[in-house]
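Only one structure is covered here, and it is reproduced in the block below.
The values are calculated or read from the model by the stated rules, or taken from the named source; none is laboratory data. None of the values given here were measured: they were computed from a predicted structure. Reconstructed Cβ throughout: ideal geometry from the backbone, glycine too, with neighbour counts over all protein chains shown.
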Amino acid sequence: MLHQRTAELALVSFSMFEPRRKVVDYIRPVETSHYGFLIRDRPNQRGDNSVNWRAYTEPFAFDLWVTTAALLVCSAALWTVLESGSPSKSTEEGEHPPQPFWSVLGVLVQQGAFVLPETSSQRILFGSLWVFSVVLFASFTSNIVSLLASTRYVMPFETLEQLAALTDWKIIADPDSADLGLVTSLPEISGRHSIIKALLPHGLEILFTESDATLFTARINVDHVLRRNCSFVWSAIRATLEPGGAVIYEAWTFPGDPRPLTELRGYWTKAEGLWLEPRQYDGPKDFKGRTLRVAMLEDPPYVTLDNSSGKPVLGGYLPGVLDMLAAGLNFTPKIVCPKDGKFGYQLPNGTWNGIVGLLQHRRAELMLVSLVMLEQRRRVVDYLGPVEWTYYGFVIRDRTLRLGDSEVNWRAYTEPFSPALWTAAFALLLCAAGVWSAMAAAAPQAETNASEPGATATPAEPFWTVLGVLVQQGASVVPESSSQRILLGSLWVFSVVLFASFTSNIVSLLASTRYVMPFETLEQLAALTDWKIIANPESADLHQLFRIHELNRTGKLEPIKAFLPHALDILLTNDKTVLFTAFSNVDHVLRRNCSFVWSAIRVLPSAGYLTAQRDLPYRDAIATRLSHLSEAGLLKHLWEKTLLQPTAAGCRRLSQFSTMTLRQTAPALTLLAVGMLTAALQTR
């Protein structure tokens, strides 16, 4: 319509490329977006066709599996001994003798026994096995639910080079927009892949059915769909495409390298005038292997240094971020360290020492340290973007009521019910057994064969029948009268409620710890005038502490100034001290040391930033690449991989299911052992 002059303006957001420029004039941008590759979500780390063979063994520790297997064998052997000590039962032709191993296994997996216990010792053994199987099954169920509820994610490609290597993949593009022309102009893609031409939203339908396909489009075109549909996800690639023709270049120089780095920026002709490529940021898209000096300081767990091989090897979260930046922008990092080994603080003459001083004196371009944004620092360095998200809080010495790693909580499996409820349940057991006996005595006696062992009910038979129902193992006798059936039905309903309540409470008990906190609010902490607050004087901790009005209301706050990890030593030896710091600074220590715990107070949400030399000409390119890594979830994945390490044995895990240990099942094992011993003594 514009070409045929039937309209003066087009209220459409058009990408700028050469064929359109020949027939229309572009006024100015109304949106800024980027092109990228959309793929179908693949939430399973192991892939759709692989099997996790250890999925159902992970809920229990190895020693617990071994103990359970040994228990199975021992119980079967004891059952055999008890069977041999009881009056022998005649075995008809073709009838198999009792199988103790399968009977015990049936009880442990809550499927019942193949044979019924006849003697008191056998019933005691089975009663112990019933109780143990309830605890074991409840623990296994809760842990397997937690295991199956977690998902992980892996990206099939992260760069254009990796996508180019997947020659069997197909690329979907809209032929009616600029997408098709732009994707074919990419040198890494051109001629390597099959192009499927499809309009939106048909392109998304193809992407959903094709397992090895990716959709190339502008983010703004489909981002509104992705916000409502979890079936698709953006890859880490952000493609920036250049128009043809160039007479204007932008140049950048690097310290120690005489070669300037140039990139096409636009052109000018007498007929069309000046045209500059619209960009989201200033800086080169490709650093062509140029060297950037990166200031770094060993700061576990962010930056670790390993000299075991004779050559220093960097590790940790921030070197991983540097590797992704260097790979995405194609530059070579050169590590420089401050001679004084400090983060840096402002001197009386206005200059900075430490790692901040390297950037101020232009001896480094980047600083690979996570810094909190403060006004004093902003005057000498530029903040590029956040690489960590955290908050400030208070660490105190652990005062939990939980037991130590080497102790056993003998009341662990009685705590779900109060003493009154346990008493009531036991009284119900006795009363129900008495009622059953009365009903059995009042019922007409059926003719029985006296020659068959076990045909005559023993006085303890009702007790074991009611106990079997309560622990959901079934009754050892069949009710004959209507009154017995009504009683048994009532017991069934009650046992379902009782078992469900016990299971839910035991799960809650194993998943939580009881804690007595000396303070829960800033006002309560301020009221503890005999307590001292520890803060790091060289980081932002001390500055942030003085910003808390509740603690510094009088302006006379006098904290203890101590560096990490010396501050933790003070905290461990002094009972009335608390450490004020960022969560990410010490959480890796707390995950391996059960002596400290976070208080409930969360103040001053904060972020750690990657910083660069003041007014660095290509800082926007680095900041944009860092933002892309964050949007793709790669920074979060790297953070969880390097910093969120498993907790120490005996410490409460925050984000994983709890594996049952042998020590946690010691009360149930002891009860079973007592039952087995009592059953063995009964046979003598």
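Take the residues in the stretch 583-617 that are farther than 17 Å from Leu371 by Cα and among the small types (Gly, Ala, Ser); name whichever of them is surrounded by the most Cβ atoms within 10 Å (Cβ to Cβ). Residue satisfying both the conditions and the ranking: Ser599.
Within the stretch 312-334, residues that are touching a residue at least 24 places away in the same chain (Cβ under 8 Å) have Cβ atoms under 6 Å from residues that are surrounded by 19 or more Cβ atoms within 10 Å (Cβ to Cβ) and among the basic types (Lys, Arg) in these pairs: Leu325/Arg625; Gly328/Arg625; Leu329/Arg625; Phe331/Arg290; Lys334/Arg293, counting only partners at least 6 apart in sequence or on another chain. Please count how many residues of the stretch 494-549 are among the small types (Gly, Ala, Ser) and at pLDDT 85 or above. Within the stretch 494-549, residues that are among the small types (Gly, Ala, Ser) and at pLDDT 85 or above number 3.
Output the residue which, of all residues in the stretch 258-290 that are part of a strand (DSSP E or B), touching a Ser or Thr at 6+ places or on another chain (Cβ under 9 Å) and surrounded by 13 or more Cβ atoms within 10 Å (Cβ to Cβ), is modelled with the lowest pLDDT. Checking each candidate, the answer is Trp275.
Where helices (runs of 4 or more DSSP H) fall wholly inside the stretch 1-118, the ranges with 1 or more residues that are under 30 Å from Ile206 (Cα atoms) and modelled with pLDDT under 70 are 18-21. Among the conditions (1) surrounded by 20 or more Cβ atoms within 10 Å (Cβ to Cβ); (2) in contact (Cβ under 8 Å) with a residue 40 or more places away in the chain; (3) more than 26 Å from the chain's Cα centre (by Cα), Ala567 misses just one, which is (2). Scanning the stretch 542-559 for residues that are among the β-branched types (Val, Ile, Thr) and within 32 Å of the chain's Cα centre (by Cα) turns up just one, Ile548.
Checked across the stretch 294-316, the condition of being basic (Lys, Arg), in a loop (DSSP other than H, G, I, E, B), surrounded by 13 or more Cβ atoms within 10 Å (Cβ to Cβ) and modelled with pLDDT under 80 holds for no residue.
Glu558 meets the conditions (1) more than 24 Å from Ser584 (Cβ to Cβ); (2) out of contact with any Lys or Arg (no Cβ under 9 Å at 6 or more places or on another chain) in every case but one. The failed one is (2).
Filtering the stretch 640-649 for residues that are surrounded by fewer than 18 Cβ atoms within 10 Å (Cβ to Cβ) and modelled with pLDDT of 75 or more leaves a non-empty set.
How many residues are within 17 Å of Leu430 (Cβ to Cβ), part of a helix (DSSP H, G or I) and free of Cβ contacts under 8 Å to residues at least 24 places away in the same chain when one looks only at the stretch 466-501? The number of residues fulfilling the criteria is 2. Looking at (1) surrounded by 18 or more Cβ atoms within 10 Å (Cβ to Cβ); (2) at pLDDT 85 or above; (3) aliphatic (A, V, I, L, M); (4) closer than 15 Å to Asp299 by Cα, which is the one condition that is false for Val369? Every listed condition holds for Val369 apart from (2).
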